[in-house]
Every structure is written in C-alpha cells, then in structure tokens.
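Reading through the structure tokens given below for one structure.
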Amino acid sequence: MTTLFISDLHLSPNVPKLNQAFFHFMRKEAPKADALYVLGDLFDFWTGDDDPSPFARSIIEAFKQLTDSGVPCYFTRGNRDFLVGKGFAKETGVTLLGDETVVELYGQKAVLLHGDTLCTLDEAYLNYRKKVHLPWLQWLFNHLPFSVREKIVAKIKGEIKDDKKSKSLDIMDVTQAEVENVMHHHRVSLMIHGHTHRPNIHHFNMDGHEARRIVLGDWGYYGYVLRINEKSLSQDSFPID
Ligand code: LP5
Ligand code: MN
C-alpha cells in the first residue's frame, strides 16, 4: 500500500478540467491508498467553511466519501486556503494538521509543511501572512456574511495581483538556511512541501548525513502525485486535458 501526497491544485469553479482530474484521482487512486496528505493550496481561495456553492460542496463530498471508505486524510493549510477550519474537517472527516507536522512514513521520519514559511526572503508576503493569521482578525472575518467575505477577498486579490510580478524568482523560493533550520528543529532528514511550483527531489548533505527535500508539483497542464511505500518513493506527473 502507498501513501499519497498532493498540493497546489488551486481548484476553483472556473477550471472544470482541474476539478475533473481531482475527482478522478479521488475516485480511482486515493481509495487504494494507506493515507492521503494534502499539503495546502488545494483551493484557489477558500473563503470559509460555510461556502454554499455547488463547487465547494462537491469537493467536501469527495473527501467525505474517501474518509468514509476508511482512508485517512490529512490537510495542511496553504496560503490560499488558510481559512479552512473545523467545519470543513467535521464535514469531510479530514484531519487538519498544523503548519509543520512530523510523521513517520514506513520507518522514516519526515516533516510536512506547505512551504510558504520557507521563503524567508519574501518579506512582503511574510508580513501579510502574519496579519491574516491573527486569530482575532480571522474570528472577525469569519463572522461576516459569506457574500461580504467574498467581496473583501476579491478586492484584496485585485489590489495585490501585480505584487508577484515585481518579485524575483529567487525571492519566491525557499532559502536553504530555513530548510535546514526546520529540519534540525524536528530532527528529520526528509522534508516534503509544495507552494513554490518547482517539483523536484533535492539531495543535500546535512551534518554529514544525506538529507532530502521533496517539492510537490502544482496542477495545471499536468497533475502531480507523490507516492511513498515501503520500497519506493516517486513523484509522477500526468497530463490534464
Ligand atoms: O499563491 P501564489 O503563489 O500565487 O502567491 C503567494 C503569495 N500571495 C498570496 C495572496 C493570495 O493568493 C490571495 C490573497 C487574497 C486575500 C484574502 C484576504 C482575506 C482576509 C482574511 C482576513 C483574516 O498568498 C505571494 C507570494 C508568493 O506566494 C510566493 O511565495 O509572493 O505574496 C504576495 O504577493 C503578497 C504581497 O507580497 C503582499 C500583499 C500585501 C497585502 C496587504 C493586504 C493586507 C490585508 C490584511 C487584512 C485584511
Ligand atoms: Mn502556496
């Protein structure tokens, strides 16, 4: 049996072919797995667990069917779905994880995270992140009517849509120093994250030992799934048409 990892699907009602690819994965592959880990940015943006749209309901139903069938599902929030909360967890049966989680995968310890917090050169983003993670601000936001929240999100998105264009690719990548800080802190030699949209398996030396950082791929023209079992570890892509 195999443990599956996905992230950065950026699902929304606007890209039906991505949703179809996700539902296909949830029906055909995920039910055969030991467990499914979603490491953030499943959604293009998640405005709240009370989202009444058929799109949101269909995603919730897909997770519920999977967890009801006995496959444990874990969810790390990303920078686009940091507002996924207890309501989502209750309705789907998914277990929400903290920002950094250590798991044991077939005898090897690994730290799992979305990856945005590893981009320590991106100060503008990290300042913004601090604000939107303030518990009192989230509490206030969550108590607004859903339609008001949608308008606020659309306005902020519109205002910051050009911010990324002014940043260099280096600024939007992880720093090796922060990668090693986090791995040292958790005493692991394997890290799995998404966010940067640079799928890869990086091998490096840490304190005289081999360490690995696996970067999950984002879904677009291709989808990516990382599969780990007792014997092997591979990230494969498949076309989405
Ligand atoms: O996901 P990706 O790769 O496209 O970009 C991210 C960073 N961008 C974001 C922004 C979100 O995608 C969309 C935000 C919608 C806003 C909703 C707010 C709801 C309010 C909730 C209150 C509880 O995450 C991008 C990174 C990039 O990753 C690479 O790492 O660079 O960061 C940015 O572009 C952000 C800007 O640098 C800074 C923006 C300042 C905005 C100030 C608004 C403050 C609002 C605070 C409170 C209401
Ligand atoms: Mn992200």
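The values are calculated or read from the model by the stated rules, or taken from the named source; none is laboratory data. Predicted model, so just to flag it, every value in this text is computed and none were measured. For neighbour counting, all protein chains shown are included, and Cβ atoms are generated from backbone atoms with ideal geometry for every residue, glycine included.
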- Query: If you scan the stretch 51-96, which residues turn out to be surrounded by 18 or more Cβ atoms within 10 Å (Cβ to Cβ), more than 16 Å from ligand 2 (Cβ to nearest atom) and of a type in the set (D, E, K, R)?
  - Reply: 51
- Message: So, in the stretch 1-42, exactly how many residues are in a helix (DSSP H, G or I), crowded, with 18+ Cβ neighbours inside 10 Å and over 17 Å from the mean Cα position of the chain (by Cα)?
- Response: 0
- Message: Checking the structure you have, find out if any residue of the stretch 101-124 is within 9 Å of ligand 1 (Cβ to nearest atom) and exposed (fewer than 15 other Cβ atoms within 10 Å of the Cβ).
- Response: yes
- Task: Select from the stretch 193-216 the residues that are within 14 Å of ligand 2 (Cβ to nearest atom) and in a strand (DSSP E or B) and write down the one among them that is farthest from the chain's Cα centre (by Cα).
- Result: 215
- Message: Name the single residue that is farthest from residue 80 (Cα to Cα) among those in the stretch 189-201 being of a type in the set (A, V, I, L, M) and in contact with a helix residue (DSSP H, G or I) (Cβ under 9 Å, 6 or more places away or on another chain).
- Response: 190
- Task: Return the pairs, sorted by first residue and then second, in which the second residue is at pLDDT below 95 and not in a strand (DSSP E or B), the first residue lies in the stretch 208-229 and is under 21 Å from residue 33 (Cβ atoms), the beta carbons are less than 9 Å apart, and the residues are 6+ apart or on different chains.
- Result: 229/1
- Going by the structure shown, is residue 79 within 16 Å of ligand 1 (Cβ to nearest atom) and in contact with an Asp or Glu (Cβ under 7 Å, 6 or more places away or on another chain)? yes
- Among the residues of the stretch 217-241, write down those that are closer than 20 Å to residue 20 by Cα and either in a loop (DSSP other than H, G, I, E, B) or hydroxyl-bearing (Ser, Thr, Tyr) (or both). 217, 218, 219, 220, 221, 222, 224, 237, 240, 241
- Message: Quick check on residue 45: is it modelled with pLDDT of 95 or more, surrounded by 14 or more Cβ atoms within 10 Å (Cβ to Cβ), away from ligand 1 (no atom under 16 Å from the Cβ) and under 17 Å from the mean Cα position of the chain (by Cα)?
- Response: no
- Message: What are the pairs with Cβ atoms under 9 angstrom where one residue, in the stretch 72-88, is closer than 18 Å to residue 112 by Cβ and the other, located anywhere, is among the basic types (Lys, Arg) and more than 11 Å from ligand 2 (Cβ to nearest atom)? Sequence gap at least six, or different chains.
- Response: none
- Message: If I filter the stretch 111-120 for residues that are without any contact (Cβ under 8 Å) to a residue 60 or more places away in the chain and more than 30 Å from residue 2 (Cβ to Cβ), do I get at least one hit?
- Response: yes
- Message: I need a count of the residues in the stretch 125-155 that are closer than 17 Å to residue 78 by Cα and surrounded by 12 or more Cβ atoms within 10 Å (Cβ to Cβ).
- Response: 8
- Item | Matching residues, the stretch 159-180, being away from ligand 2 (no atom under 16 Å from the Cβ) and surrounded by fewer than 13 Cβ atoms within 10 Å (Cβ to Cβ) | 159, 162, 165, 166, 168, 170, 177
